[in-house]
Amino acid sequence: MLDSPALLAHTNDLDLIIRHVLAGLGHGIHAGRERGAGVEFSEYRAYAPGDEWRRVDWKLLARADRYYVREAERDSHVATWLWLDATASMSEPSREVPNVDKLRFAATVLGCIAAVAQRQGDAFGLVVCTDGRTEFTPASRGPRQLQRVLAQLARARAQGAMPDAATLKSSLHFARAPSLVFAASDCLEWPSPLSETLLRLRHMQHDVRLLAVRTQAEVDASFNPGSGYRDPEADTPLAQGGGAGAAAARLHLLDESGRAAYRAALSAHFAAVSGACRQHDVPYYEARIEQALTTVLRGWLQLASPRARAR
């Protein structure tokens, strides 16, 4: 799924839209590189009234007998950051679509976001939360950066628990510059170190978006009756201990009588996630991994404010 031609085909007519004012850039679609008096030469254009005379190329005037201005480009200050939850619970597979699990689906969606950023000329980077640590790919731009990010997404494995709050806080060294942050998680742990980090970024005036990935079976509780399920993140070394009694407590049995309670509890949980995101102005989108990739991409990216969409 994570090959760049396929991702580019899914993202040809999609754009990353800024919802909030970031360092004076305003709302709406932005260019990753800004035209103007920069340091990297871009092209010549005909002189127009109001242009600065110091930008006129006098040597070209001598050859062409016309006034031309040197255009240059400078980097935009906005980078796109992709944040992937690769903890053990993300290994949950679809029971309807073969070879698809939460992690692969989330990684593919983020890969598409990276492809859009690369097409727009934006710098983009990646943070993967897995097995109590973060794996960090610094932000850069261009086709090689896209290949680096896609390779990291493809290598991600669902294992262990979320890093603690201190570890995640140390990953925020990029937060000095304004950015778009696209985070994908199953959000089964909320509040969590990840949720605290995302809300902290939003309070620092970053434009943060959250995608919650779920399976259809999880949504409608269509598990096999009488089956037992163990929380994979409760089996990490940090969560273990207590002997056979504790191990038994981590095993959850779901029978017919428990389905209604399960659905009610899960509905209340995700309502709380949605409410917290709404309270902090973080666009929140729920997706099932059985959905079409393009549908999820469009739904998530169209969560920009009406004002941003109009520009």
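Within segment 267-299, how many residues are in contact with a strand residue (DSSP E or B) (Cβ under 9 Å, 6 or more places away or on another chain), closer than 21 Å to Glu189 by Cβ and surrounded by 14 or more Cβ atoms within 10 Å (Cβ to Cβ)?
14
Within segment 151-192, track down each residue that is outside any helix (DSSP H, G or I), surrounded by fewer than 14 Cβ atoms within 10 Å (Cβ to Cβ) and of a type in the set (D, E, K, R).
If the condition is that a residue be outside any helix (DSSP H, G or I), surrounded by fewer than 14 Cβ atoms within 10 Å (Cβ to Cβ) and of a type in the set (D, E, K, R), then Arg157, Asp164 are the ones that fit.
Kindly list the number of the only condition in (1) surrounded by fewer than 20 Cβ atoms within 10 Å (Cβ to Cβ); (2) modelled with pLDDT of 95 or more that fails for Asp85.
(1)
Within the set of pairs 6+ apart or on separate chains, which have a first residue in segment 106-126 that is within 10 Å of Trp81 (Cβ to Cβ) and in a helix (DSSP H, G or I), a second that is β-branched (Val, Ile, Thr) and modelled with pLDDT under 90, and C-beta atoms under 7 Å apart?
Correct list of pairs: empty, since none qualify.
Report the residue count in segment 133-147 for those that are outside any strand (DSSP E or B) and either in contact with a Leu (Cβ under 7 Å, 6 or more places away or on another chain) or open to solvent by 40 Å² or more (accessible area, probe 1.4 Å) (or both).
Residues that pass the stated criteria total 4.
Hey, among Arg259, Arg250, Arg230, Arg309, which residue is farther than 22 Å from Glu189 by Cα, modelled with pLDDT under 85 and not acidic (Asp, Glu)?
Only one candidate passes the filter, namely Arg309.
The values are calculated or read from the model by the stated rules, or taken from the named source; none is laboratory data. Computed from a predicted structure; not experimentally measured. We place every Cβ from the backbone using ideal geometry, glycine too, and count neighbours over all the protein chains shown. Side chains are part of the model used for accessible areas, which takes the heavy atoms of the whole protein and leaves out ligands, DNA and RNA. Shrake-Rupley method; radii C 1.70, N 1.55, O 1.52, S 1.80 Å.
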